[in-house]
Amino acid sequence: MKSKYIKSLFLIIGLSFFIGCSESWLEPEPLSFFEPDETLSTQEGLESALTTCARQLRYYYMSDDGPLLFTEMNFSDMGVSAISNASGSQDMNTFVTPTSDNYNLATNKINWAWSIGYQGISFANVVITRIADLDLEEDVRNQMLSRAYFERAYRYYHLVFQFGDIPFLSKEVSSPKLDFRSVKMEVIIEQMIKDLEFAVEHISERDDYGKPNKGACRMLLIKFYMAAGEFDKAIAQADALINNSGYELMEETFGTFENPHPAEHPVIRNVIWDLHRPVNKAIPANKEGIMLMVNRYDNSESRLYTKFLRNTTPFWANGDQNSGILTPLRTNSDGSITGGIIGMSNQAKTEDMDPSFIDQRAIFGRGEAFSRPTYYAEKGMWTDENDLRHSRESGNWFVMENLKYNNPALKDSDPEYYNQPVQKYMADGTLLCKDTIRCWFDWPYYKLWIHSPQEEVENGFRGTTYVGGPGDWYLYRLAEAYLLRAEAYYWTNQKEKAADDVNRIRNRANCSPATNFNASTITLDVIMDERARELMFEELRHVELVRVSYIKANQEGIYNSPADLSKDSFWWSRIERYNNYYNKGVHNLHNDYYIISPYHIFWPLPQNEINANLLGTINQNYGYSGYENNITPISSLAELEESGQ
């Protein structure tokens, strides 16, 4: 889906309902192309709308090159843009504006989050609006309504902590509407709590893995309760989820053990590895998974390639002499100097190649690094050498030295380096990879490596691409519930209990008791550090940091509007302390400096959406052009109901 399709989301949102198996449902459809009253007047029609919501969750994470995870990482303490041949999201002050290219893989996908978030809301609102017209049994009605409430609340959870005060759509928009107004974050949070309380009471305890269930609704309700400062209610929901819902932390190996490349990258079986194998995520033996995005290779019409191996792993196969990984220079007996050539190849190994050639794109993926981890995410936050989540010895964690020089030309020119581990420096300190931002960093192999059967040579593919295949992905699992409860305990000054919950997660990861926490050492930063370790490439990191910033400002009595957070925040303190790129004088090979400001805690609302809303005012965030035109947003549920939105 290209940026031209964002023209006016609020104009098309009620006109774009289309249910099918292809990506065409993402594009706006003229009203005359279908008959929504006919299509949506049955239970089956509304079930199709809910099915589309589930499909769209996968699109949210994986479609259009999996944009959301790396955009969220780049606005956090854990990542930055790794693009080194073009200007984009390195200098946020210059290149992140209401009119900039915020729908590009090489810059950011802010507008993707906006457009696909509101599209999901529109599908959920179809069910919420029309279900009253159907003659359904009460239990069936409540089940469907609860699922729709979850789908809508999930989108609003992200949108409010990405964009702040935003328009709230409470019902289906079936005709063009040009008078939307922004609604205060706290008003949307209040309404989402009401909806999720209903859902928790009425939705099924269990359902198909890709559908909302009681556990998923509890998890989301916990987050909203905490955002509203209702910490005791959050703890009660977390207690119910952890103790009385049939879920358990997986603490022993289970399911199918996959050791995909035992010769080149051996894995020693461990629970962290098993927990994150797609084949194990949706099996009865896995008691930790609460809700998944089901994404199977066998489902040829609906599968999506995760592309995480492409977007978030190093561009080790870069063939540019001025930026790729080179072999060491060597002075020969005759005084000549050899070496210093590209040492890496992303070729697929075919039957006509030298048997000694190692097909490393199949072992480690062929990354292009649209995002890379900060030092904090790569090394700094890993404070326990026994932590399985950062264990090279087990095979869970990838380090660059796992790669071997595999350019076939080396067999003749530099045979002593062929199939030997790559080097970053020569003995004299000479750097052998000039673009270390994009081409040299470590990453969680256990999270991001996903088999791509369609790209295997034996299946007929001989190209260089290996982007990461289809695979089930966690939306929620129980480990996060422990960390949310720890946070709620922290806010209520029950620090010993907070430490116990954090340590429960650390113990499962094989951390030493010596590195565990107690009431005197547990802090908000400690809890967010543990979220970073446990939920890396699962949580939307920026969203969670903004949520905590919002809570902290409210607890300190300094929050009145998003503008308060846009001047100083917990998010900003994490950026300053833990992101070693932004505002530190760092620049890439393209000479783009990494710059960010406090107001980037919230993203700019797309200017074309504001312009298209001719009869109302959608507010822009502080720090961006257009903020001076803001008016007072809708400030209560009563005012929201009166507005008719």
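The values are calculated or read from the model by the stated rules, or taken from the named source; none is laboratory data. What you see is a predicted model, and the numbers here were worked out from it, not measured in a lab. With ideal geometry, Cβ positions are generated from the backbone for all residues, glycine too; neighbour counts draw on all protein chains shown. The protein model used for the area step is the full one, side chains on, heavy atoms only, and it has no ligands, DNA or RNA in it. Shrake-Rupley method; radii C 1.70, N 1.55, O 1.52, S 1.80 Å.
Of (1) surrounded by fewer than 19 Cβ atoms within 10 Å (Cβ to Cβ); (2) touching a helix residue (DSSP H, G or I) at 6+ places or on another chain (Cβ under 7 Å); (3) in contact (Cβ under 8 Å) with a residue 60 or more places away in the chain, Gln162 satisfies all except one. Which?
(1)
Each row is one residue, and each column tells you yes or no for (1) open to solvent by 10 Å² or more (accessible area, probe 1.4 Å); (2) part of a helix (DSSP H, G or I).
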position: Glu530; (1), (2): no, yes
position: Phe537; (1), (2): yes, no
position: Lys552; (1), (2): yes, yes
position: Tyr559; (1), (2): yes, no
position: Trp571; (1), (2): no, yes
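Examine segment 243-254 for a residue that is in a helix (DSSP H, G or I), buried (at least 16 other Cβ atoms within 10 Å of the Cβ) and free of Cβ contacts under 8 Å to residues at least 24 places away in the same chain, and state whether such a residue exists.
No, segment 243-254 contains no residue that is in a helix (DSSP H, G or I), buried (at least 16 other Cβ atoms within 10 Å of the Cβ) and free of Cβ contacts under 8 Å to residues at least 24 places away in the same chain.
In segment 284-305, which residue that is among the small types (Gly, Ala, Ser) and over 22 Å from the mean Cα position of the chain (by Cα) is most open to solvent (accessible area, probe 1.4 Å)?
Among them, the one singled out is Ser300.
Please pick out the residue among Ala498, Ala479 that is aliphatic (A, V, I, L, M), open to solvent by less than 40 Å² (accessible area, probe 1.4 Å) and either under 24 Å from Tyr60 (Cβ atoms) or assigned to a loop (DSSP other than H, G, I, E, B) (or both).
Testing whether each residue is aliphatic (A, V, I, L, M), open to solvent by less than 40 Å² (accessible area, probe 1.4 Å) and either under 24 Å from Tyr60 (Cβ atoms) or assigned to a loop (DSSP other than H, G, I, E, B) (or both) leaves just Ala479.
Table: residues versus (1) touching a residue at least 12 places away in the same chain (Cβ under 8 Å); (2) under 18 Å from Ile358 (Cβ atoms); (3) touching a Leu at 6+ places or on another chain (Cβ under 9 Å).
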position: Lys424; (1), (2), (3): yes, no, yes
position: Leu432; (1), (2), (3): yes, no, yes
position: Thr436; (1), (2), (3): yes, no, no
position: Pro444; (1), (2), (3): yes, no, no
position: Lys447; (1), (2), (3): yes, no, no
position: Glu455; (1), (2), (3): yes, yes, no
position: Glu458; (1), (2), (3): no, yes, no
position: Arg462; (1), (2), (3): yes, yes, no
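Test each condition in (1) open to solvent by 10 Å² or more (accessible area, probe 1.4 Å); (2) within 23 Å of the chain's Cα centre (by Cα); (3) hydrophobic (A, V, I, L, M, F, W, C) for Phe364 and report the one that comes out false.
Tallying (1) open to solvent by 10 Å² or more (accessible area, probe 1.4 Å); (2) within 23 Å of the chain's Cα centre (by Cα); (3) hydrophobic (A, V, I, L, M, F, W, C), Phe364 fails exactly one: (1).
Tell me, please, whether a residue that is part of a loop (DSSP other than H, G, I, E, B), in contact with a Leu (Cβ under 6 Å, 6 or more places away or on another chain) and in contact (Cβ under 8 Å) with a residue 24 or more places away in the chain can be found in segment 371-391.
No, there is no match, as no residue in segment 371-391 is part of a loop (DSSP other than H, G, I, E, B), in contact with a Leu (Cβ under 6 Å, 6 or more places away or on another chain) and in contact (Cβ under 8 Å) with a residue 24 or more places away in the chain.
Being touching a Ser or Thr at 6+ places or on another chain (Cβ under 9 Å) and surrounded by fewer than 21 Cβ atoms within 10 Å (Cβ to Cβ) is the requirement here; does Glu138 meet it?
No; evaluated as a whole, the condition is false for this residue.
Would you be able to tell me the number of residues in segment 604-645 that are modelled with pLDDT of 95 or more, out of contact with any Ser or Thr (no Cβ under 9 Å at 6 or more places or on another chain) and of a type in the set (A, V, I, L, M, F, W, C)?
Final tally of qualifying residues: 2.
Could you tell me whether His587 is open to solvent by 40 Å² or more (accessible area, probe 1.4 Å), touching a Phe, Trp or Tyr at 6+ places or on another chain (Cβ under 7 Å), touching a residue at least 12 places away in the same chain (Cβ under 8 Å) and of a type outside the set (S, T, N, Q)?
The answer is yes for His587.
Where in segment 16-123 are there helices (runs of 4 or more DSSP H), lying wholly inside it, with at least 2 residues that are modelled with pLDDT of 90 or more?
43-62, 67-74, 92-95
Please give the number of the condition Phe461 fails out of (1) buried (at least 23 other Cβ atoms within 10 Å of the Cβ); (2) of a type in the set (Phe, Trp, Tyr); (3) modelled with pLDDT under 95.
Phe461 satisfies every listed condition except (1).
Filter segment 318-341 for residues that are within 15 Å of Gln420 (Cα to Cα) and in contact with a helix residue (DSSP H, G or I) (Cβ under 9 Å, 6 or more places away or on another chain); which is surrounded by the most Cβ atoms within 10 Å (Cβ to Cβ)?
Checking each candidate, the answer is Ile325.
In segment 179-207, what residues are crowded, with 19+ Cβ neighbours inside 10 Å and either outside any helix (DSSP H, G or I) or modelled with pLDDT under 95 (or both)?
Once the filter is applied, which keeps residues that are crowded, with 19+ Cβ neighbours inside 10 Å and either outside any helix (DSSP H, G or I) or modelled with pLDDT under 95 (or both), segment 179-207 yields Phe180, Arg181, Ser182, Val183, Lys184, Ile203.
What are the residues in segment 573-584 that are under 22 Å from the mean Cα position of the chain (by Cα) and either farther than 14 Å from Asp525 by Cβ or surrounded by 15 or more Cβ atoms within 10 Å (Cβ to Cβ) (or both), if any?
Passing the criteria: Ser573, Arg574, Ile575, Tyr578, Asn579, Asn580, Tyr581, Tyr582.
Is at least one residue of segment 418-433 in a loop (DSSP other than H, G, I, E, B), open to solvent by less than 20 Å² (accessible area, probe 1.4 Å) and among the hydroxyl-bearing types (Ser, Thr, Tyr)?
No, the conditions are met nowhere in segment 418-433.
Kindly check whether there is at least one residue in segment 344-359 that is crowded, with 23+ Cβ neighbours inside 10 Å, in contact with a Ser or Thr (Cβ under 6 Å, 6 or more places away or on another chain) and either outside any helix (DSSP H, G or I) or of a type outside the set (Gly, Ala, Ser) (or both).
So far as segment 344-359 goes, no, none of its residues is crowded, with 23+ Cβ neighbours inside 10 Å, in contact with a Ser or Thr (Cβ under 6 Å, 6 or more places away or on another chain) and either outside any helix (DSSP H, G or I) or of a type outside the set (Gly, Ala, Ser) (or both).
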